[in-house]
Amino acid sequence: MVLDGYLVGTMKQMSALLCLCVFFCQCSIDRTVAPLSLEEEEILATFQALDAAHQVQISPPDEPGQTLWLCLTLLVQESQTPLAQQSILLYHTSAAGEYQPEDPNDESTARLHGMTVSDEQGRLFVKTILPGDYGSSADNRHIHTTVANAQPEGYDIHFSQYSTFMGKNFISGSDQHFLADLKQTPGKELVTFLTLEVKKPQTSYP
């Protein structure tokens, strides 16, 4: 009986410790946003110089929120080659975490949405604002993308500075979710460089 009581007490302590560890991991998100390096500033300039056909401005100039620039490169997952001339739809919440879709049954009609096409190197430049947290959960900011005629079509962009420990584990185990690290320009615009690996795009499999 004494041994049983000891084991029960030990298990309770271990359970409490595990809960504390999970709580700590969830709450210890590193919010640090590093400045762009000189090399990254040069890369950003190449994306900003892309033809207008390969850029999209999602948020209007007076949209509340922090400016976010995405320098995206699309690759064919199977061949690791650039996915050129690929149409892509992007949409996300406002800074307040609201989609405000035109069609209440279709999030992809969110007020903040836009479409563009990748260049011959698979590159595209997106200008918008940092999305807010959606729903009652914190640290779930993300941008949805729909890659036309891919299998699957949906890929989500999450942000390292706004993702929990468990969220990052989920993202790392999925080939439809990508984790972006935010950087900052001298003018305080947020910037991220990210490669999206797209599965079985129709353009590569005629």
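The values are calculated or read from the model by the stated rules, or taken from the named source; none is laboratory data. Just so we're clear, the structure is a prediction, and the values are computed from it rather than from any experiment. All Cβ positions, even for glycine, are placed from backbone atoms using ideal geometry, and neighbour counts span all protein chains on display.
Annotations
- Within region 69-127, considering residues that are more than 21 Å from G154 (Cβ to Cβ) and acidic (D, E), the one surrounded by the fewest Cβ atoms within 10 Å (Cβ to Cβ): E120
- Test: residue in region 163-184 that is outside any strand (DSSP E or B) and aromatic (F, W, Y): yes
- Flag for D133 being over 19 Å from Q57 (Cβ atoms), assigned to a loop (DSSP other than H, G, I, E, B), without any contact (Cβ under 8 Å) to a residue 60 or more places away in the chain and touching a strand residue (DSSP E or B) at 6+ places or on another chain (Cβ under 7 Å): yes
- Taken over region 51-70, the criterion of being touching a Ser or Thr at 6+ places or on another chain (Cβ under 7 Å) and not in a loop (DSSP other than H, G, I, E, B) is satisfied by H54, Q55, V56, L68, L70.
- Residues that are more than 12 Å from the chain's Cα centre (by Cα) and of a type in the set (S, T, N, Q) within region 150-171 comprise Q151, T164, N169, listed in sequence order.
- The residues of region 91-135 that are touching an Asp or Glu at 6+ places or on another chain (Cβ under 7 Å) and over 24 Å from T73 (Cα atoms), listed by number, are G97, Y99, P101, D133.
- Of all residues in region 141-160, one or more are assigned to a strand (DSSP E or B), out of contact with any Gly (no Cβ under 9 Å at 6 or more places or on another chain) and among the polar types (S, T, N, Q).
- Inside region 111-130, residues that are among the charged types (D, E, K, R), under 19 Å from T81 (Cβ atoms) and assigned to a loop (DSSP other than H, G, I, E, B) make up a count of 2.
- Lone qualifier among F159, F165, F125 - being under 22 Å from E197 (Cα atoms), in contact with a Cys (Cβ under 9 Å, 6 or more places away or on another chain) and in contact (Cβ under 8 Å) with a residue 24 or more places away in the chain: F125
- Residue match in region 152-161 (condition: touching a Lys or Arg at 6+ places or on another chain (Cβ under 6 Å) and at pLDDT 95 or above): yes
- Being touching a helix residue (DSSP H, G or I) at 6+ places or on another chain (Cβ under 8 Å) and touching a residue at least 40 places away in the same chain (Cβ under 8 Å) is a property that T195 lacks.
- Scanning region 138-149 turns up at least one residue that is surrounded by fewer than 17 Cβ atoms within 10 Å (Cβ to Cβ), under 28 Å from T46 (Cβ atoms) and touching a residue at least 24 places away in the same chain (Cβ under 8 Å).
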